[in-house]
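The values are calculated or read from the model by the stated rules, or taken from the named source; none is laboratory data. What you are looking at is a predicted structure, and each value in this text was computed from that prediction instead of being measured. Neighbour counts run over all protein chains shown; Cβ positions are idealised from the backbone, glycine included. The accessibility values were calculated without ligands, DNA or RNA, using every heavy atom of the protein model including side chains. Shrake-Rupley method; radii C 1.70, N 1.55, O 1.52, S 1.80 Å.
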Amino acid sequence: MFELVQALNDGAEELKRRSPNPISLNAGCELFIAFVTLFPHESDNFAELKKELEQQGRKYAAEAISFRDKIAELTLGFIKDDSVILTHSYSRVVLKALLHAHKTKRISVYVTESRPRGLGLKTYEALTAAGIPCTVVLDSAVAYVMDRVDFVLVGSEAVVESGGLINYVGSNQMAIVAKAANKPFYALAESYKFHRLFPLSQYDLPTHNPNILSLTTPIARSAGQDAASSDAAQEATATSQTSRGISSSVTERAMTQEQIAKNPGVDYTRPDLISLVFSDVGILTPEGVSQYLVGMFAG
C-alpha cells in the first residue's frame, strides 16, 4: 500500500508540473489519494484492490460529468425572470447554469473581458450564440456596472478550507465591489474542486512566486536613445493599425509577455465576501464548505 500511495503522489506531482495552473488538478488528485488511503476497501489482496480502485475511479469520473447539471438546477431557483447577471472570465459550470436558466427565464448577462487571456470573450460568444443578451465589460469597469446587476455568478478553480474561493484574477475585486454594493456574490464549484488549502492572503497561494509583481529596475539610457525607441515603437504601431484599417490617431498599447508574466493568473476571495457556494453536494455557506471538507477527509 505504501508503494501505491507513493506512486499516486509521484503521478500527481508530474501532472501538476505539466499544468500552468495546477490548483484544481491538485484538489482532484488529493481527493482520489484520500479515497485510497482513508476509506475502507473490501479487497483481500493487491490485485483485487487495484481492480476495485480502477472501477471506483471510472465510476466517479462518470458521475462527475453530471455534477454541472446538478449545480445548474440548484442555481435555477435563485435566478428570477428578467435577472441581470454579472459573471467573470469563462467557466464551464457558470455557462451551463446560464444556458439552463435561459430555457425557462429571461436573463441578461454582463461578462468581464478577463485580461490578459480574454476568456470573457469566449463566454460572450457562447451566450450570444444561444440568444442571451450579453455585453463584455472592461475588468476595470466592474464597479461601474455593479449597480445594474442583480447578483454576481462566478466559477472556481478551488474552494478552500476556510470557505474562500480561488478563481481567475479579478474575482476578488469583483466580490469586494459586490459586497460594497449589497449585491449577492455566488460561487459555483464542483465538489472535486474542494481543496485542503488555508490561504490567509494572496501570497499564500501555491501559484504565487517571487516573479509575480516583482519590480523592474529601469536600464539607464540616453535621451536620444529613448526618443528613437519611442518614435520607432509609435511608427510600428501606426503601421500595424493602418494595415488593419484602424485610424492611426488612436494608439493602441498592449502589455508584453514579460509584463504579463509578472501578474497573477488567479486570486483568493475571502469567505466573508461570498454569499453562497453552489455545488453538486448542495447549496452551502462558506462555513458549510469548511465543515464538508473536514468530514470528507476525516475518513
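For the condition crowded, with 20+ Cβ neighbours inside 10 Å, among the hydrophobic types (A, V, I, L, M, F, W, C) and part of a loop (DSSP other than H, G, I, E, B), what is the one hit in ILE79, ILE71?
Only one candidate qualifies: ILE79.
Of the residues in the range 115-137, how many are closer than 21 Å to THR269 by Cα, modelled with pLDDT of 95 or more and not aliphatic (A, V, I, L, M)?
Looking only at that region, the number is 1.
Return the residue satisfying two criteria in turn: it lies in the range 82-111 and is part of a loop (DSSP other than H, G, I, E, B) and farther than 13 Å from PHE151 by Cα, and of such residues it is most open to solvent (accessible area, probe 1.4 Å).
So, considering only residues that are part of a loop (DSSP other than H, G, I, E, B) and farther than 13 Å from PHE151 by Cα, the one most open to solvent (accessible area, probe 1.4 Å) is LYS103.
Find all pairs meeting these conditions: Cβ atoms under 7 angstrom apart; at least six residues apart or on different chains; first residue within the range 177-198 and farther than 17 Å from ARG270 by Cβ and open to solvent by 40 Å² or more (accessible area, probe 1.4 Å); second residue not polar (S, T, N, Q) and not in a loop (DSSP other than H, G, I, E, B).
The qualifying pairs are TYR192/ALA27; TYR192/GLY28; TYR192/LEU31; TYR192/ALA64; ARG196/GLU30; ARG196/LEU293.
I'm told SER140 meets every condition in (1) exposed (fewer than 12 other Cβ atoms within 10 Å of the Cβ); (2) modelled with pLDDT of 90 or more; (3) of a type in the set (Ser, Thr, Tyr) except one. Can you identify the failing condition by its number?
(1)
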